[in-house]
1. Show me 473-481, 287-295 ranked by packing, highest mean number of other Cβ atoms within 10 Å first.
2. Which whole number in µm²/s is D for the chain by Stokes-Einstein, with the Kirkwood Rh taken over Cα pairs at 20 °C and 1.002 mPa s?
3. Would you work out the relative contact order for the chain, in percent, from Cα pairs under 8 angstrom that are 6 or more residues apart?
4. Percent of Cα-Cα pairs more than 27 Å apart in the range 8-180, please.
5. Which order do the peptides 179-192, 315-328, 537-550 take when ranked by the mean count of other beta-carbon atoms within 10 Å per residue, highest first?
6. Span-like helices, the chain: DSSP H, alpha-carbon axial extent 20 Å or more, mean Kyte-Doolittle 1.0 or greater, which ones?
7. Beta carbons within 10 angstrom, averaged per residue: use that to sort the peptides 24-31, 592-599, 137-144, 303-310, highest first.
8. Output ³J(HN,Hα) for the range 474-488: one whole-Hz value per residue in order, computed from phi by the Karplus curve 6.51 cos²θ - 1.76 cosθ + 1.60 with θ = phi - 60°, and x for Gly and Pro.
Amino acid sequence: MSSVRTPTRYRIQPIAPHAHLFEVACTVDDPDPQGQRFRLPAWVPGSYLIREFARHFVRVRAESPTGAVELVKETKDTWRAAGCTGPLSLIAHVYAYDLSVRAAYLDAQRAYFNGAAVFLCPEGRANAACELIVAAPEGSQFAQWRVATTLPSNGAPAYGFGRYRADSYDALIDHPVEMGHFALTSFEAGGTPHDIVVTGRQQADLPRLARDLARICNWQIELFDGVGARAPFDRYLFQIAAVAEGYGGLEHRSSTSLICRRGDLPARGVTAVTDDYLTLLGLASHEYFHSWNVKRIKPAAFVPYDLGREGYTRLLWAFEGITSYYDDLALARSGVVDPPRYLELLARTITTVLRSPGRFQQSLADSSFDAWIKFYRQDENTPNAVVSYYAKGALVALALDLLLRREGSGSLDDLMRLLWSRHGRTGTGVAEDGIERIACEIAGRDLSDFFARYVHGTEDPPLAAWLADFGVTVTLRPAQGLTDRGGKPASDPLPQSALDARIATDMKVHVVYSGGAAERAGLAAGDQIVAIDGLKSSTDGLRVLLDRSPPGTRVEIHAFRRDELLQCTAELTTPRADTCVLAVATDATEAAHARRKEWLGA
């Protein structure tokens, strides 16, 4: 228990929007007389990479009522002020121009910050209550700016600048703050108010977005606590930044920060559920599901968080993969999309995994453990060496759900409800074998072989066979061009051959797949293909070549590697059947149809 009596006081203000600078002050009334240390987190919960937020601290000083206080930087993210009588304030100028959901951003149109990126924590006071003043930038052009956050007000008006509070430092940094001009709409789910704020230029149908999110949120609340249950927070906020190109989300205890393309927002006057709109709904569904699965149900390694160093767990496949399974499933079960459309989304996930040969090199458990150095630091060889604990984790979650349902012992829904009651509600972290033990309990038998093969091993689960028991057929075919994500039957003749490389529209090689034609020819990621068989290269020309040339055809390729021209010969191969299409089986048994309806809620 902390003996701290006075709260830690913070103040943040955009002081130079054009220079992208916040001024952030942290004040301690009763500093350590031997010298007060202040530390900044190195990472933010939910994004597993050491991000070194301290690199954006431009200037830091300390002062007390008697004047300046000597300040020494002891490590990359720790400062120590000389002993003094309080109050002691550490004041920093923080550069903020990271257009993401993880750090801080500031310009003349918008301000945003994640507390982990800007708020120093005084040593020994992590459990102290916190008070925060969010101050408006100076200037008449900012007079109409508003504030959107789920931090509890301590006098600040709704959506206004002023005083806020938090029970602890961890709570303080778990409520991101949006400032600026934004559109606002609201809905209710689980007896709880939910708000949506959208920044950026847009002409979206926000009432439709609110209606669809209400269905998704209500379904998720009912999944964990039953019909008529309340959400595990007093209010919830979707913070959406609409940009030209971008995608990302980060979960928080009662809000989420999302970045999407403007075209992902629902257009006014359009009733169809477009693929772009589904991208946004799936992202919002994913982050909302995290309100339970990772924000409250946590790996034991995250209880408590140590934000100064990596937190290792082999369970990210469950906390991110299970969430990735339910994000699209919630769209179907809530009625936002029908089962055939859901199967299309699921087929795209299967396609993503099938196109990742790294799944045979790295297990899901190892991918989870090495997220800090591999998944969040991807390079040109990542597809050959790394498996996504999001995408393949979702497929293993699907496999576990199908297995439990096939055997009639329960479902993944039951597993999530047990995790919620035993760990989420109690705050007890999930042990590294906790998911497996609960799954075995539900199944009523030993499932160690399942986890050994598909979680700790590198095998693909037998989805085709298991989906057949639910009246769903699986068809695999080669890809049709660069934009084929799977999910739909072939619309044109399939290519006869392949180069075994991922090539962009400008003919730059992005990925060379292990053991394929491009690798054997000597091509490498980054090479710029300029000619094939003596003709200027283009994506259309390459497509025609692959459509018409049988495997074994030899082609001469000229490419620039940096500034050097290379010539090589590639022998085309048989294209991989790595593009998935799922469909409802017309000849399935009544039992299979019944299982599918129970699974998809339709």
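Just so you know, all these numbers are worked out from the coordinates, no wet-lab data involved. Just so it is clear, the model here is predicted, and its values are computed rather than measured. A quick note on method: Cβ atoms are made from the backbone with ideal geometry, for glycine too, and the neighbour counts reach across all protein chains shown.
1. Descending packing order for the listed peptides: 287-295, 473-481.
2. Here the translational diffusion coefficient equals 81 µm²/s.
3. This gives 10 percent for the chain.
4. 21 percent
5. 315-328, 179-192, 537-550
6. 391-406
7. Those peptides, ordered most packed to least, come out 24-31, 592-599, 303-310, 137-144.
8. Running phi through 6.51 cos²θ - 1.76 cosθ + 1.60 with θ = phi - 60° gives 10, 10, 10, 8, x, 6, 10, x, 6, 9, 7, 9, x, x, 10 Hz.
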